[in-house]
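**Q** The structure that follows is given in the form of structure tokens.
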Amino acid sequence: LQKSGLPALLSHPDPAVRLEAAKTLALAGQREAVPALRQALLASGEGALAAYGLLQRLGEQVAPPAGWESLFSRAPAATRLTLIESASLLPVDLGLQLLSRASRDADHTVRRRVVEGGLATVVAPWMLDGVISSSQLAWPS
């Protein structure tokens, strides 16, 4: 799918399709994604965290989704894995909180994803960009 077709998908009936189109547009700095991202944020499902992070990147003044911590703790493992993937889209402090929580998850698959994916795809780019330092990586006990 070409990026020129993405704006039309922002009004697709499937919320997951709208969110994926909005993510791609937002990562390219396209503000036309804002309404779809706000919808996803208000829906407070697994896409709410990604929507929050992307809205922040686009300069929107929004609060984190209500109860995101409880969403993580009560969600099935497959959803928690998806939430970990959203960490790179979040402001650093919230992304680190999410990874820290996931690193202590009861499911070994979730903990492994933090090490294999979360640290490599989230923390390393933040460090390379100078957004965080290694001293910020001490996980709370």
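The values are calculated or read from the model by the stated rules, or taken from the named source; none is laboratory data. Because the structure is a prediction, the values reported are computed rather than measured. All accessible areas refer to the heavy atoms of the entire protein, side chains included, with ligands and DNA or RNA removed. Shrake-Rupley method; radii C 1.70, N 1.55, O 1.52, S 1.80 Å.
**Q** If Glu60, Glu32, Glu116 are ordered by their accessible area, calculated over protein heavy atoms with a 1.4 Å probe, which sequence runs from highest to lowest?
**A** Details: Glu60 30, Glu32 85, Glu116 125 Å².
Result of the area sort, largest leading: Glu116, Glu32, Glu60.
**Q** Let me ask something additional. Taking 25 °C and 0.890 mPa s as the conditions, I'd like the Stokes-Einstein D for the range 29-80 in µm²/s, using the Kirkwood hydrodynamic radius from alpha carbon pairs. Show your work: numbers first, answer last.
**A** Values: Rh = 11.3 Å.
It comes out at roughly 218 µm²/s.
**Q** Could you pull the accessible area for Leu6 with a 1.4 Å probe, rounded to 10 Å²?
**A** 20 Å²
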